[in-house]
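Here the structure comes first, spelled out in structure tokens, and everything after it is commentary.
No value in this document is a laboratory result; all are computed from the given coordinates. Remember, predicted model here, so these are calculated numbers, not experimental data. Positions of Cβ are backbone-derived with ideal geometry, glycine not excepted, and every protein chain shown enters the neighbour counts.
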Amino acid sequence: MANMNTKHAALQALTANLLLSGDVVYWSCRGDWSLNIQDALLAATEDEVAILEARIPVEENGNDVVAPYLFPVERDEDGTIQAISQREVIRAKGPTIRTDLGKQSGLRPGPVDQAA
Amino acid sequence: MVLNKDGQKLVEDSFTLLADDDALNNDQAQILPLARFLDAVEDGSLNARTAPLGVLLAPADDTRALVDHLGKLALIAIDFPQYKDGRGFTHARLLREQLGWTGELRAVGDVLFDQLNYMLRTGFSTFDVRKAYDVEHFADAINAFTEAYQQPGDGRITVIEKRHAVG
Amino acid sequence: MYQYDQFDNGLVSERVDQFRGQVERRTAGNVLEEEFRPHRLMNGLYLQLHAYMLRVAVPYGTLNGGQMRMLADCARKYDKGYGHFTTRQNIQFNWPRLDDVSELLKDLSEVEMHAIQTSGNCIRNITTDQYAGATPDEVEDPRITGEVLRQWSTFHPEFSFLPRKFKIAITATENDRAAMRFHDIGIEIVKNDAGDIGYAVWVGGGQGRTPVIAKKLNSFVPRQDLICYLEAVLRTYNMLGRRDNLYKARIKITVNETGVEEFTRLVDEEFAAVKQHAYEQFRLRDEEFSRVAAFFSDPAYESLAATSSTFEDAKAKDTRFAAWAATNIAPHKVPGYAIANISLKPAGGIPGDATSEQMDLVADLADRYSFSDIRVTHEQNLVLPHVKFDDLYALWQALDHIDLGTANLGLVTDMIVCPGLDYCNLANARSIPVGQMIDARFADLNRQHDIGELKVKISGCINACGHHHVGHIGILGVDKKGTEYYQITLGGSADENAAVGKIVGRAFGYDEVADAVETVVTTYVNGRDSKEETFLSYVGRVGLGPFKEALYGSE
């Protein structure tokens with residue numbers, strides 16, 4: 001909490017799970033879903049948040065992902081995107097008691113191959 | 001579109017559901033919400049009726065309020081305002097099993113494709129199906145299961161009965 | 001155990017086809033998630049934090065070797081090589097793909113298993129005593145009634161869209177090992193003065209955010225009337241249960257808001273109506289009960305001496321085995337046999353988790369030593385219910401070899417722990433690592449045995465899947481502004497002396513929980529009259545005072 005001031009708070013990102021695999025994904029700067037939180041498009045201003053939020057009903061009426069929602073993130077000094085809540089930290093990495101599973105297991109997650 | 005158990009569209013269906021501010025018309029086939037029906041019975045406004053009459057049960061209605069009025073009805077419709085609300089299944093069963101209703105029993109509202117089999121089994125005989133896909137694949141849903149462990153309203157022979165059938 | 005006939009098989013395989021169709025409609029875009037969701041839930045398929053989770057039913061907690069092997073195969077083929085046994089005697093797979101689930105269910109159907117009604121607002125998997133059929137003190141094998149009710153509740157067209165989920169547990173002994181009094185309906189098999197077997201029916205128990213001990217609604221329902229009676233209870237609940245508030249929708253709230261007397265009157269009235277109009281369809285027929293009962297008749301036990309020198313010798317020469325025998329075996333109704341408990345709580349492990357290799361080995365051991373009979377317990381362990389005393393040492397050695405021989409049944413490290421925030425979409429805090437910290441703190445097995453019976457139960461949110469309300473020590477994870485805190489309750493009990501634990505004081509941080517539990521345990525050990533005074537009796541005698549003092553001092 002002490003270094004809170006050095007971070008930019010109140011950034012929002014859009015996340016969901018892929019329909020077929022269930023994998024956690026983030027809406028990316030490229031305008032598609034990515035498995036890597038570092039690709040996430042961050043909304044800072046009210047307008048940016050509104051644009052990101054407008055994506056939700058589009059996705060809910062589609063076939064790619066399940067349960068899209070916005071959640072708060074922050075950026076470290078080196079630009080790394082960090083989820084703030086424990087829940088989103090765990091979603092971004094994998095179970096804390098099985099570090100051999102989930103995204104943390106070593107694969108470099110990136111763009112989604114829907115056919116995979 | 002209202003379908004019967006065999007997926008046939010009801011050609012004769014001329015019933016309209018009476019909205020709150022619609023006037024009662026004794027020469028038109030109409031479906032009245034339960035409270036309005038009971039009021040109309042009470043005040044005699046159905047006395048001159050020539051057209052068939054239906055009643056609509058909402059989830060919170062008391063099924064047994066119809067016990068003395070079944071003879072006046074050509075149709076009982078049961079509303080599923082949300083698929084999650086399963087009270088309509090109880091209405092149907094009580095009507096078939098305890099009140100002895102043998103006429104048309106229609107499911108209306110949020111009639112979920114995969115609930116059709118359960119509706120059939122609790123005694124519904126017609127189904128207001130809205131989506132084109134659901135109409136097209138109606139038979140798959142209504143006959144999803146060949147057998148049943150229970151017999152709550154459609155008179156079928158249950159698995160238990162088949163197991164112990166004599167001869 | 002029960003074997004499917006053509007009808008049972010037909011229904012389960014039609015369900016697989018139905019689900020396959022539902023998935024195809026979803027992936028083809030014919031239905032949206034909103035409509036698909038109830039279908040996948042009715043098939044036990046949840047979306048959790050990292051992936052889908054499939055919950056497979058283990059009816060009344062009974063598996064045979066072939067079924068266990070199939071679960072192991074499914075874990076390898078469709079998941080990541082492990083499964084998680086739950087407090088509902090079920091098993092969960094944590095990583096299946098949506099487009100694999102139909103195949104997985106098809107594989108399961110080949111061994112007479114399914115995921116029907118493992119979620120959704122319907123009658124869930126019916127649970128019972130894990131010692132059923134083996135324990136000396138039961139009125140009759142509760143699995144017979146369990147199977148009869150499994151069939152009655154499967155695809156019940158009237159009761160599949162209830163106000164909320166509905167859980168039934170059955171016991172047939174005075175020792176309640178099934179937490180019967182914490183279920184929507186608890187069924188206690190009893191014998192009346194005339195010697196007839198019937199059912200005492202308890203209603204409205206549950207945990208969650210409002211823990212309630214069930215009330216006895218009827219002390220003797222004759223066997224042939226059981227289904228009619230349950231129809232009456234379920235119908236009364238279906239019509240009366242609240243649908244305006246998710247948290248007030250369980251039958252425990254309906255009973256409390258209606259009043260037990262009025263609820264009883266309504267049920268009795270409906271019961272009379274059901275009997276009048278539908279008795280023939282819903283009478284529990286003798287011939288059907290007998291047909292099912294035949295599947296649960298005794299296996300071919302050998303005539304054995306009550307004592308075994310092989311067993312006694314092994315205990316004398318192997319202290320680790322002796323420790324296991326002291327905690328993990330229970331008396332069997334047949335001389336020369338024992339009930340063997342397999343702890344799924346190895347040191348440093350994840351409570352309830354078993355790898356495919358472990359499942360395969362348990363299947364082999366069950367085939368060799370226990371008539372291919374395996375049970376899943378609501379405390380997330382496994383049981384081989386019919387093992388000869390002569391075979392126990394060989395069994396334990398084989399178990400010990402793959403980390404399943406831990407001698408901690410009923411002890412402080414035999415915790416119930418929900419998946420918590422490491423997996424679960426509803427959780428507020430992690431549960432598993434908290435359990436692991438406590439486990440590490442009490443790693444010394446001698447100390448555990450010295451402390452004696454102590455049930456620690458951990459939930460990662462107020463839904464109470466980790467049964468914290470009924471833990472002797474209960475731990476509830478809460479979220480305070482994104483940080484995990486843990487509330488401790490003391491004195492809960494899930495057995496025949498059902499009690500809800502009381503909150504001891506302010507919550508502890510993630511890193512403080514193990515210390516707090518240690519303090520509680522030390523307070524008990526130092527304060528007890530003798531080793532005969534259990535933790536629960538001690539809490540009953542002294543109340544929360546000494547614990548508060550030790551935990552918070554003059555705060």
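Some observations on this one:
- Packing rank of C:159-166, C:285-292, where each peptide gets the mean count of other beta carbons within 10 Å, highest leading: C:159-166, C:285-292
- Angle in degrees between helix B:34-43 and the longest Cα principal axis of chain B, rounded to the nearest 10: 40 degrees
- For residues of C:39-50, the mean tally of beta carbons on other chains within 10 Å: 3
- Once backbone amide H atoms are built at 1.01 Å from N, residue C:221 has C:199, C:200, C:201 as its partners under 5 Å, excluding neighbours fewer than 5 places away on the same chain.
- Backbone geometry of region C:226-236 corresponds, through the Karplus equation with coefficients 6.51, -1.76 and 1.60 at θ = phi - 60°, to 3J(HN,Hα) couplings of 4, 5, 4, 5, 5, 4, 5, 5, 5, 5, 4 Hz, x marking Gly and Pro.
- Temperature 10 °C, viscosity 1.306 mPa s: under these conditions the Stokes-Einstein estimate for chain C, based on its Kirkwood radius over C-alpha pairs, is 66 µm² per second.
- When peptides B:53-61, C:544-552 are ranked by their average number of other Cβ atoms within 10 Å per residue, the highest-first order is B:53-61, C:544-552.
- Modelled spin-label separation between residue C:537 and residue B:72, with each label point placed 7 Å from Cα along the Cα-to-Cβ direction: 7.0 nm.
- The calculated P(r) of the protein assembly as shown, using every Cα pair and 20 Å bins from 0, goes 14, 44, 33, 8, 0 in percent.
- For the protein assembly as shown, the antiparallel share of DSSP beta bridges with both residues in that region comes to about 70%.
- Rounded to 0.05, the FRET efficiency of the residue A:78 and residue C:440 pair, given R0 = 35 Å and the Cβ-Cβ distance, is 0.55.
- Under-5 Å amide H pairs with residue C:405, H placed in peptide plane, nonlocal only: C:400
- Mean per-residue shielding of peptide C:411-420 is 1, counting Cβ atoms of other chains within 10 Å of each Cβ.
- √(5λ) per eigenvalue of the Cα gyration tensor, region C:416-552, largest first, Å: 24, 15, 14
- DSSP bridge pairs, region B:11-117: antiparallel proportion in percent, nearest 5: 0 percent
- Residues A:29, C:418, C:228, sorted so that the one with the fewest Cβ neighbours within 10 Å comes first: A:29, C:228, C:418
- Peptide A:86-97 shows a mean partner chain C-beta count of 6 within 10 Å per residue C-beta.
- Fewest-first sequence of C:402, C:432, C:168 by Cβ atoms within 10 Å of each Cβ: C:402, C:168, C:432
- The phi-based Karplus calculation (6.51 cos²θ - 1.76 cosθ + 1.60; θ = phi - 60°) puts the 3J(HN,Hα) values of region C:366-372 at 5, 4, 6, 10, 9, 6, 6 Hz, whole numbers, x for Gly and Pro.
- Proxy reagent accessibility, fewest Cβ within 10 Å first, across C:438, C:451: C:451, C:438
- Along region C:326-332 the Karplus relation, 6.51 cos²θ - 1.76 cosθ + 1.60 evaluated at θ = phi - 60°, assigns HN-Hα couplings of 5, 10, 9, 10, 10, x, 10 Hz to successive residues, with x for each Gly and Pro.
- Residues in region C:330-346 reached by a label modelled at residue C:298 [backbone nitrogen below 20 Å; 7 Å Cα→Cβ]: C:330-340
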